[in-house]
1. So if R0 is 22 Å, what FRET efficiency would residue 375 and residue 270 give, r being the distance between their Cβ atoms, rounded to the nearest 0.05?
2. Which of the lysines could a cross-linker bridge to residue 531, judged by Cα under 30 Å and excluding same-chain residues fewer than eight apart?
3. Out of the total accessible area of segment 476-604 (probe 1.4 Å, heavy atoms of protein only), what percent is carbon and sulfur?
4. Subtract the Cα-Cα distance of residue 400 and residue 619 from 0.36 nm times their separation in residues, and report this length gain in nm to one decimal.
5. Using unit Cβ charges (K, R positive; D, E negative) and no other charged atoms, how large, in debye to the nearest 20, is the dipole of segment 167-644 about its Cα centre?
6. What percentage of the solvent-accessible surface of segment 114-153, computed with a 1.4 Å probe over protein heavy atoms, is contributed by carbon and sulfur atoms?
7. Can you work out D for segment 167-644 in µm² s⁻¹ from Stokes-Einstein, where Rh is the Kirkwood radius over C-alpha pairs, the temperature is 37 °C and the viscosity is 0.692 mPa s?
8. Can you tell me the length gained on complete extension of the stretch residue 555 to residue 610, counting 0.36 nm per residue apart and subtracting the Cα distance?
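The values are calculated or read from the model by the stated rules, or taken from the named source; none is laboratory data. Predicted, not measured: the structure shown is a model, and the values here were computed from it. Here the Cβ is made from the backbone with ideal geometry for all residues, glycine too, and neighbour counts use every protein chain on show. Accessible surface areas use protein heavy atoms only, side chains included; no ligands, DNA or RNA. Shrake-Rupley method; radii C 1.70, N 1.55, O 1.52, S 1.80 Å.
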Amino acid sequence: MSAIAPLICIAVAAQGPGAYGPPTPFSSTLAFSMAAAEPGGSAMRRRIPGEDETGLNEIQIEDGTEPGDADETIIDGRRRPGVPQSNLPDPVTQENIGAVRAPPPQAFPGDEFPVPDRWRIVESIGVNENFLDPYNQNTLKGDRPIPLGDLPDWLPINGDDWFFIVNAVSDTVIEPRSFPTPVGVQTTTEPDSLDVFGQADSLVLAQTFITGVALLKGSTAYRPPDVEYRVTLATQFNYVDVNERRILFVEPSRPSHRFDWFTGVQELFIDYHFRNTSRRYDFDSIRVGVQPFNADFRGFLFQDNQLGVRFFGTRDNNRLQYNLAAFMRLEKDTNSGLNDLFATPRSDYVFHANLFRQDLPVAGLTSQFSVTYNMNRERTDVEIDDNGFPVRPALLGTLRGRNYDVLYLGYNADGRIGRINVSGSTYLALGEDRSSFFTDEPADIFAYFGAAELSYDVDWMRFRLSGLYASGDGDPYDNTERGFDAIFENPIFAGADTSYWIRQVIPFAGGGRAIGVNGRNGILNSLRSSKEQGQSNFNNPGTILLGVGADFDIAPSLRLSANANHLWFEDTASLQALRNEGSIPSSIGYDLSAAAIWRPLSTQNIVLRLSGAVFEASDGFSDLFAQDRRSGTYYSVLFNAILTY
């Protein structure tokens, strides 16, 4: 049985250090500059944020550009709201000759009126903090520095620029669903039945509690923090009930329901700020430990919280961003999908480099160029999951372990072109599989992937068009594997987990044991034993998707969404070889879904979501599950409640 992944990806990382890509949770940045003119027409020098401050960032780079000069460097294709770029207003100057000057500082007896620090000065007018209020002044949310008088002397915290942040999330899932359920060979819950497939209905209940703390140093209203320490734990309790044995456990004597719980470490890192490289706080930083990372805008290739080291930074006023990262993948708990920090890490390594550029090739569009190398050395591993099912090697073909090396060359884009919102990804996978499970011989890897979503906004409505193509393997017995597979996908695309095909796992009955056609919270037809614990598989039938959708913001607190997708196998040769069938049609079926999201406070503190999806099987799906006694229609209902502090 596949893992029950929590709906929230814990602290999904920003793949670019700036605002492009999923933002780091519970953080915000604010930057501004102030300028004034001295009476009499002589200009007062503008204050540079961070000047004369101490700490790790005291060195400022002299780039010869004053902060105020940004108004004279308008980017082609952009304009001030309401003002044509070709006709900018004249600079505002102040000529106030003869005006009365302000009194000198010595005229004010400031030594007689003690004033608290700039964070607590509001207390003098009656504004006091409430630890239960995450929006107004709250020391637990990083709005005020830690009071040094309240700390023990042995803590190495000095100065008035240390901040403490506490995060807490409750994520509740109730999910009735149905999918083709194969009957176990040894036993069944209906002994008088001769069907190959049993009752398809099942129920999933999951409760996840996420708690995190962070300790920051630095005046973060102007610049990135000097140092950040962060720890995030997630505890999930889950219950699953199905109608057949050997779905949840390998032993036929075990019941057809299961309760489990697990605590995983989703974040455990230190972030160190090396330096600022410009007066607007372009920077270089390093982050070491268990951390979130997303290789692209939509989570197609690698989105996970993994153990690694990442160098990242910005240039050119945050318009150029870069990442250099290396990860050693942690083992995951089978039923929750959370990191198991106490298990031996996998011999699966990911090396990634990317470069983001805003307004390339046109204003409003951000381009990302990436290189990702996945080196897997798990040929000798034999991994059995917590329910007794083998996950490495996968029970396909010759049943032998594999090593492989894959290089992904990617281009991703996100933004707009005129009135059209654009988001797209392309990848070319090149490499070598040291032992193809069809031939036990080395095979080259040559596969490709492309996906795009175009949307158009009309007032409070957004209309979407989605398309995806992942190549499939046309000849599993030759020396080239052409089926595209990701490292660890979590796509936000074509309805995301509202979609039946993305949310549910379809078992590949008859062609392999403990194998899914697709993965939970995944869109690719990869024929893997497990998205969380299995290996990538490039002998797969590929995926084609074409979909339309719409979002309706009925009110600031209410959004309705609808999606309709049609899916195909790109090439069914690998399915035919595994099932020993002469032909299998390529059409999978139609995936129809709708969702309502309600935020009663119009904030992210309380988010309630109810969605439903119906999958209507086409010829290819029906051929794989021809003996299922259902009509070919399956459903998925999802209720999700997220409470955030």
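1. Details: r = 25 Å, r/R0 = 1.16.
With a Förster radius of 22 Å, E is 0.30.
2. Within the straight-line limit of under 30 Å, residue 531 reaches these lysines: 332.
3. On the way: 2360 of 4070 Å².
The C+S portion of the solvent-accessible surface of segment 476-604 is 58 percent.
4. Values: separation 219, 0.36 × 219 = 78.84 nm, distance 3.20 nm.
Going from the current span to full extension adds 75.6 nm.
5. Dipole magnitude for segment 167-644 comes out near 1480 debye.
6. On the way: 1550 of 2780 Å².
The value for segment 114-153 is 56 percent carbon and sulfur by accessible area.
7. On the way: Rh = 23.6 Å.
The calculation lands on 139 µm²/s.
8. On the way: separation 55, 0.36 × 55 = 19.80 nm, distance 1.65 nm.
The residue 555-residue 610 span can extend by a further 18.2 nm.
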